[in-house]
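The values are calculated or read from the model by the stated rules, or taken from the named source; none is laboratory data. Here the structure is a predicted model, which means the values were calculated and not measured. So basically every Cβ, Gly included, is an ideal-geometry build from the backbone, and we count neighbours across all protein chains shown. The accessibility values were calculated without ligands, DNA or RNA, using every heavy atom of the protein model including side chains. Shrake-Rupley method; radii C 1.70, N 1.55, O 1.52, S 1.80 Å.
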Amino acid sequence: MSDKTMTLIDNRTGEKYEYPILEGTRGPAAVDMRSFYKDSGMFSYDPGFTSTASCKSEITFINGEKGELRYRGLPIEELATGHSYLEVCHLLLEGELPTEEQLQNLDLELRHRAFLPEGLVRLSQTIPDDAHPMSVMSAGVTALSAFYYEHLKLETPEDYREMAHRIIAKMPTLAAFAYRHSIGATYIYPDIDRSFTENFLYMLRAYPGGKMHRDPDGHREIKPIEVEALDTIFTLHADHEQNASTTVVRSVASTGAHPYVAISSGISALWGRAHGGANESVIEQLRMIGSVENVDKYIARAKDPNDPFRLMGFGHRVYKNFDPRARILKKLQDQLRDELNLDTELMRIAQRIEEIALSDEYFIQRKLYPNIDFYSGIILTALGLPRSMFTPIFVIGRTVGWIAQWIEFKKDKESKIARPRQLYVGK
Ligand code: CMC
């Protein structure tokens, strides 16, 4: 055993247990406790995995103290401002930014793979039309596994690539169909002449026959600034190491289930308010607060230990200084406010909450800062996107991360079935 070890002493018996310390390329080291149960007959107790690394990974790095996020070593600030979402997809899947030719190939491939099997379209039409788009997406992606049973032949890098590209390409279409279904509107099929992000907006907004939506200002084409903003939102959501939904994806992967079923499980996990569902809840909450004058009352509720009310869009398990994604989105929000001439009551309420929370002892002590969901909800509202689509938009962005993590899990020789133990306290 190397000299980098940690010794645990059982103070009841004086027994000593020595474990190797594993060092990564960045971030805290980890104690390799894999033989702990065999050695000691005890388990480690860590609900919520606050101190447990469940895998080694080369994909995403977070330094929560410094507010740092990197995909494949590259800082999020550089990726969000200097690169498109499709470049980020290539980066996450292949480990490097694409060449011009690779980017064109990926773009073309995703455009061609954006169509859903007609059987799946018919199937989704059988879901009640008041269903939330997230349930249609979760069910739709599970159903997709029946149409593409390719996990049986995932052998070559090309097989993996095809499986990954297909699910990434179809997710915006499924999301747009899910929304149109929920409002009883005819589906708009993908337009192969539009880019990934623009196509999604088109499928959401177009009238039957593909005509673009008209609003009181007249003809409403999709504005480049809207596409850019949404593309940035996709990039910021693309991966976030071992968060709850990714942990679910890896756990399902560990059982040998179909990759799309694993992704569907990730979608279900993301839906919760403590995770991706927070972006929808932020707007619900801002609407409930209603006006800047009411903010103090709700801040007091958030601080009251006897009140379950929490400020949605605040706090993070890992970020204890600031969420770098939130910083980027705040800038984007300010830019949109200027360029689209927006100054809504929701934005004013949000700004007031932010000001109070950032100077209030309760939030400072607990290191609670606005997270990505705080601003994404506000920006998506400003872009006129329906609230029920906020979490599906998170899904579209995150799919590449889930699938990259799924592939990494499959290729890791140390991967095992996820099977935590428990401290039994029952009869
Ligand atoms: N409002 C008021 N108090 C809060 C909040 C909040 N949003 N978040 C945490 N706290 C308090 C909490 O009550 C506790 O106080 P005390 O120590 O007095 O008991 C302390 O801060 C620590 O909270 P925790 O629940 O132990 O922290 P956690 O790391 O387990 O939870 C969290 C992290 C994100 C689930 C939580 O902060 C939260 O529920 N936030 C609101 C929901 C939200 O915005 N979720 C999006 C997360 S970012 C994107 C994503 O993952 O999708």
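Can you go through Arg34, Arg26 and tell me which one is free of Cβ contacts under 8 Å to residues at least 24 places away in the same chain, surrounded by fewer than 17 Cβ atoms within 10 Å (Cβ to Cβ) and of a type in the set (Lys, Arg)?
After applying the criteria, what remains is Arg34.
If a residue must be open to solvent by 50 Å² or more (accessible area, probe 1.4 Å) and at pLDDT 95 or above, how many such residues does segment 383-409 contain?
Going through segment 383-409 one residue at a time, the tally reaches 0.
Between a first residue in segment 362-391 that is without any contact (Cβ under 8 Å) to a residue 40 or more places away in the chain and a second residue that is within 9 Å of the ligand (Cβ to nearest atom) and acidic (Asp, Glu), which pairs have beta carbons less than 8 Å apart while being 6 or more apart in sequence or on different chains?
Between residues of segment 362-391 that are without any contact (Cβ under 8 Å) to a residue 40 or more places away in the chain and residues that are within 9 Å of the ligand (Cβ to nearest atom) and acidic (Asp, Glu), there is no close pair.
Hey, among Leu79, Leu103, Leu91, Leu86, which residue is modelled with pLDDT of 95 or more, assigned to a helix (DSSP H, G or I) and touching a Lys or Arg at 6+ places or on another chain (Cβ under 6 Å)? Steps first, please.
On the way: Leu79 fails: touching a Lys or Arg at 6+ places or on another chain (Cβ under 6 Å); Leu103 fails: touching a Lys or Arg at 6+ places or on another chain (Cβ under 6 Å); Leu86 fails: touching a Lys or Arg at 6+ places or on another chain (Cβ under 6 Å).
Testing whether each residue is modelled with pLDDT of 95 or more, assigned to a helix (DSSP H, G or I) and touching a Lys or Arg at 6+ places or on another chain (Cβ under 6 Å) leaves just Leu91.
Kindly indicate whether Ser388 is hydroxyl-bearing (Ser, Thr, Tyr), away from the ligand (no atom under 16 Å from the Cβ) and not in a loop (DSSP other than H, G, I, E, B). Steps first, answer last, please.
On the way: hydroxyl-bearing (Ser, Thr, Tyr): yes; away from the ligand (no atom under 16 Å from the Cβ): yes; not in a loop (DSSP other than H, G, I, E, B): yes.
Yes; evaluated as a whole, the condition is true for this residue.
Tell me whether segment 321-329 contains one or more residues that are over 20 Å from Glu228 (Cα atoms) and surrounded by fewer than 21 Cβ atoms within 10 Å (Cβ to Cβ). Working first, answer last.
To start, the set of residues in segment 321-329 that are over 20 Å from Glu228 (Cα atoms) comprises 321-323.
Remaining after also requiring surrounded by fewer than 21 Cβ atoms within 10 Å (Cβ to Cβ): 321-322.
Yes, segment 321-329 has at least one match.
Just one of the numbered conditions (1) closer than 30 Å to Lys66 by Cβ; (2) open to solvent by 80 Å² or more (accessible area, probe 1.4 Å) is not true of Ile21; which one?
The failed condition is (2).
In segment 151-203, what count of residues is obtained for those that are out of contact with any helix residue (DSSP H, G or I) (no Cβ under 9 Å at 6 or more places or on another chain) and over 26 Å from Ser268 (Cβ atoms)?
4
Does segment 391-427 hold any residues that are within 16 Å of the ligand (Cβ to nearest atom) and of a type in the set (D, E, K, R), and which are they?
Correct list: Arg398 only.
Quick check: anything in segment 144-160 under 19 Å from the mean Cα position of the chain (by Cα) and within 17 Å of Arg398 (Cβ to Cβ)?
no
Tally time: how many residues in segment 294-335 are in a helix (DSSP H, G or I), within 11 Å of the ligand (Cβ to nearest atom), closer than 16 Å to Asp373 by Cα and not aliphatic (A, V, I, L, M)?
Number satisfying all stated conditions: 1.
So Val282 clears everything in (1) open to solvent by less than 10 Å² (accessible area, probe 1.4 Å); (2) more than 9 Å from the ligand (Cβ to nearest atom) except one condition, right? Which one?
(2)
What number goes with the only condition from (1) touching an Asp or Glu at 6+ places or on another chain (Cβ under 7 Å); (2) open to solvent by 80 Å² or more (accessible area, probe 1.4 Å) that Ser359 does not pass?
Among (1) touching an Asp or Glu at 6+ places or on another chain (Cβ under 7 Å); (2) open to solvent by 80 Å² or more (accessible area, probe 1.4 Å), the lone unmet condition for Ser359 is (1).
Give segment 38-74 a look and list any residue that's touching a residue at least 40 places away in the same chain (Cβ under 8 Å), β-branched (Val, Ile, Thr) and open to solvent by less than 80 Å² (accessible area, probe 1.4 Å), or say none.
Listed by number, the residues that qualify are Ile59, Thr60, Ile62.
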